[in-house]
Amino acid sequence: VGAEALVRWNHPEYGFMGPGQFIPIFEKNGFITKLDMFVLEQVCEDIKKWKAQGYKIVPVSVNVSRRDFLEPGCIDRLFQIIDSRGIEHAYIHIEVTESLYSENTEIIISQLKKVQELGFMIEMDDFGAGYSSLGLLSTFPLNVIKLDISFVRNFRQNEIVIENIIKMAHRLGLLTVAEGAETSEQVATLRTLGCDFIQGYYFSKPLALEDYEKYFTDKEVLDGSKSV
């Protein structure tokens, strides 16, 4: 029902690097905004190609840094990238982290409302990992919360917590995604607890573009414009 655009860096000198090795540096020096726009452009080009070639299409979640929301003109640039390629807004989900809401809240809220009003789904990543409070869920424009991977890793101890977060989210009209599912037991439990969507290695490890296209060729997918 959906995918997430991830970034890896195959550096000529340092070799393969995961995001934890360079994203914090980019967030400090401001380069993260350029990276976010680059990833968004790649996703839009991919979706445009898939549409032309008759591929199945599901929404793709794209991570957007809090610096993007504070950078003058950056969110307008985001809209321009998507609209110039004729991509339906339902196919791009904007994924943010809890730290987005730690300061400059009035600016952030106004920007997020603008994004949401234009038909984009807004997802809060890593919910429960650090900054979150219950007040966030009712105050900020959101459509989806993604439970932090730590909940699933320790799902037996966290079962009651997971169940009540899901119930609370549903009462607020939000969808839920559980991250980090790796076993059939985890998936079965999350389904029983009412989680709307499940993400993790149980379904697939991160894939290069070509492998992703092959993976989806053999999969049954839901209507991407109506799902998370």
Taking a ≥ b ≥ c as the square roots of the eigenvalues of the Cα gyration tensor, with a/c under 1.5 meaning rounded and otherwise prolate when a/b exceeds b/c and oblate if not, the range 60-101 is oblate
For the range 41-174, the count of lysine pairs 8 or more apart or interchain whose alpha-carbon atoms are under 28 Å apart comes to 13
Once normalised by the length of the range 15-138, the mean sequence separation of its alpha carbon contacts under 8 Å that are 6 or more apart gives a contact order in percent of 23
Of 141-149, 166-174, 193-201, ordering from highest average Cβ density within 10 Å down gives 141-149, 193-201, 166-174
Contact order relative to length for the range 1-67, counting C-alpha pairs under 8 Å separated by 6 or more residues, stands in percent at 47
Once both label points are put 7 Å beyond Cα along the C-beta direction, the ASN154-SER138 separation in nm becomes 2.8
Relative contact order as a percentage, the chain, C-alpha pairs under 8 Å and 6+ apart, gives 19
Along the range 77-94, Karplus-curve 3J(HN,Hα) (6.51, -1.76, 1.60; θ = phi - 60°) to the nearest Hz, with x for Gly and Pro, reads 5, 4, 4, 5, 4, 6, 6, 5, 9, x, 8, 4, 4, 5, 8, 10, 9, 9
Share of accessible surface on carbon and sulfur in the chain, whole %, 1.4 Å probe and ligands ignored, is 51
Per its Cα gyration tensor (rounded if a/c is under 1.5, else prolate when a/b beats b/c, else oblate), the range 1-120 is best filed as oblate
Counting only protein heavy atoms and rolling a 1.4 Å probe, one gets per residue an accessible area for the chain in Å² of 53
Given 110-121, 32-43, the highest-first ranking by average Cβ count within 10 Å works out to 32-43, 110-121
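The values are calculated or read from the model by the stated rules, or taken from the named source; none is laboratory data. Everything quoted here is computed from the prediction, not taken from an experiment. Positions of Cβ are backbone-derived with ideal geometry, glycine not excepted, and every protein chain shown enters the neighbour counts. Side chains included, ligands, DNA and RNA excluded: accessible areas come from the protein's heavy atoms. Shrake-Rupley method; radii C 1.70, N 1.55, O 1.52, S 1.80 Å.
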